[in-house]
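Visitor: Before we start, here is the structure in question, set down as C-alpha cells.
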Amino acid sequence: MDDDLTKRMILEFLRKHTLAVIATCHRNGTPEAATIDFSVRDNLEIVFDTFKDTRKFDNFAERPGVAFVVG
C-alpha cells in the first residue's frame, strides 16, 4: 500500500468520528483520560481544544506525551 492511499484511509476513518479519548499523566504518575471533541486536518494534524483550568491542560502542558484513541 502506498503512502497516499494509507493517508487517505486514515483521514477517511478519522473524519467518520468526532469523539476521541485522550489519556495524559498527572505529575504524580496517575493516568487520566477524558473524552474530547476533535477534528483532523488534511495533513493528519489532530485539533482539539480545552479550557486552561482542566487537568488535561495541566498534564499536557507539563508532559506533552499522550495516548489518543478513536473508534
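Visitor: Considering only segment 1-17, state which residues are modelled with pLDDT of 95 or more and assigned to a loop (DSSP other than H, G, I, E, B).
Guide: Those that are modelled with pLDDT of 95 or more and assigned to a loop (DSSP other than H, G, I, E, B): 16, 17.
Visitor: For segment 1-17, give me each residue that is out of contact with any strand residue (DSSP E or B) (no Cβ under 6 Å at 6 or more places or on another chain) and surrounded by 12 or more Cβ atoms within 10 Å (Cβ to Cβ).
Guide: Within segment 1-17, the subset out of contact with any strand residue (DSSP E or B) (no Cβ under 6 Å at 6 or more places or on another chain) is 1-13, 15-16.
Listed by number, the residues that qualify are 7, 10, 11, 13.
Visitor: Follow-up. Could you pull out the residue among 20, 34, 61 that is closer than 26 Å to residue 4 by Cα and either at pLDDT 95 or above or not in a loop (DSSP other than H, G, I, E, B) (or both)?
Guide: Values: 34 fails: closer than 26 Å to residue 4 by Cα; 61 fails: closer than 26 Å to residue 4 by Cα.
Being closer than 26 Å to residue 4 by Cα and either at pLDDT 95 or above or not in a loop (DSSP other than H, G, I, E, B) (or both) holds for just one of 20, 34, 61, which is 20.
Visitor: A further question follows. Regarding residue 51, is this residue surrounded by 10 or more Cβ atoms within 10 Å (Cβ to Cβ), outside any strand (DSSP E or B) and over 11 Å from the mean Cα position of the chain (by Cα)? Write out each step before concluding.
Guide: Details: surrounded by 10 or more Cβ atoms within 10 Å (Cβ to Cβ): no; outside any strand (DSSP E or B): yes; over 11 Å from the mean Cα position of the chain (by Cα): yes.
Considered against the rule, which asks whether it is surrounded by 10 or more Cβ atoms within 10 Å (Cβ to Cβ), outside any strand (DSSP E or B) and over 11 Å from the mean Cα position of the chain (by Cα), residue 51 comes out as no.
Visitor: Consider only pairs whose beta carbons are under 6 Å apart and that are at least six residues apart or on different chains; among these, list those whose first residue lies in segment 42-57 and is within 17 Å of residue 70 (Cβ to Cβ) and whose second residue is among the small types (Gly, Ala, Ser).
Guide: Once the first residue is within 17 Å of residue 70 (Cβ to Cβ) and sits in segment 42-57, its partners that are among the small types (Gly, Ala, Ser) give 47/39; 56/34.
Visitor: Here are some conditions: (1) part of a helix (DSSP H, G or I); (2) exposed (fewer than 10 other Cβ atoms within 10 Å of the Cβ); (3) within 15 Å of the chain's Cα centre (by Cα). Residue 43 meets all but one. Which one does it not meet?
Guide: If we test residue 43 against (1) part of a helix (DSSP H, G or I); (2) exposed (fewer than 10 other Cβ atoms within 10 Å of the Cβ); (3) within 15 Å of the chain's Cα centre (by Cα), just (1) comes out false.
The values are calculated or read from the model by the stated rules, or taken from the named source; none is laboratory data. It should be emphasised that the depicted structure is a prediction, and the values quoted were computed from it without experimental measurement. Cβ coordinates were reconstructed from backbone atoms using ideal geometry, including for glycine residues, and neighbour counts include every protein chain displayed.
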